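> Before I ask anything, here is the structure I am working with.
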Amino acid sequence: MTGKQQRFAELLKKNKLRVTQPRLAVLGVISSKEVAVSQPELERLLGKEIDRVTLYRCLATFEEKGILHKVFDLHGTAAYAMCAAACSAEQHADQHVHFICSKCNQVYCLDEISIPQLHIPKNYRLDHVGVNAIGTCAACNQ
C-alpha cells in the first residue's frame, strides 16, 4: 500500500468504514484532481474497476461521513471534492467558495476564501452553506 493509500485507509477506519479497494480507488482519483469530479467522469476514469452502484454507494457514504462534499456545476450535475477542513458526519465544516468556470464548466474549491459565520435565527438549524462564484478559470482565460 502506498503512503497515499495508507492515509486513505486510516481515514476510512477513523470513520468506521471498511477499507476496500473500490473506496481507496475513488478517494485516489478524487484527491488527485484539481477540480471537483462528477460521477460520470469518475465512471470513465475508473473504467471497469468499479460498477456504477458501488460508486454511487461510495460517494453517498463519503458525503455522509464528511469525507467528500458535493457541489453542482452550471448544468446541475453533482461534482465531488475532498473535504479540506475537519468535517464529520455531524457537521460539514468545509465552508468555502466554489468557482465554476462558465466556459469549461469545471468546479474549483477556493479553500482560501472562507464564508463568514452566519447567525441563524433561533429554532433554525444550519446544515450547509454554499457560495458559487461564476466566471472564467485561469486555463480558459489564456
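The values are calculated or read from the model by the stated rules, or taken from the named source; none is laboratory data. Not measured: the values here are computed from a predicted model. Cβ placement follows ideal geometry from the backbone for every residue including glycine, while neighbour counts extend to all protein chains displayed. These area figures cover heavy atoms from the full protein model, side chains too; ligands, DNA and RNA do not enter into them. Shrake-Rupley method; radii C 1.70, N 1.55, O 1.52, S 1.80 Å.
> If a residue has to be in a strand (DSSP E or B) and closer than 19 Å to LEU74 by Cβ to count, how many in the range 114-136 make the cut?
Residues flagged as in a strand (DSSP E or B) and closer than 19 Å to LEU74 by Cβ within the range 114-136 amount to 5.
> Need pairs with beta-carbon distance below 8 Å; first residue more than 19 Å from LYS4 (Cα to Cα) and within the range 30-45, second of a type in the set (Lys, Arg) and open to solvent by 50 Å² or more (accessible area, probe 1.4 Å); sequence gap 6+ or separate chains.
Listed pairs, sorted by first residue: GLU43/ARG52.
> Sticking with this one: Go through the range 31-73 residue by residue and tally those that are loosely packed, with under 14 Cβ neighbours inside 10 Å, farther than 21 Å from GLN106 by Cα and among the acidic types (Asp, Glu).
Total meeting the criteria: 2.
> State whether the residues of the range 56-76 include one that is among the small types (Gly, Ala, Ser) and touching a strand residue (DSSP E or B) at 6+ places or on another chain (Cβ under 8 Å).
no
> Return yes or no: is VAL19 in a loop (DSSP other than H, G, I, E, B), touching a helix residue (DSSP H, G or I) at 6+ places or on another chain (Cβ under 6 Å) and either among the β-branched types (Val, Ile, Thr) or under 17 Å from VAL131 (Cα atoms) (or both)?
yes
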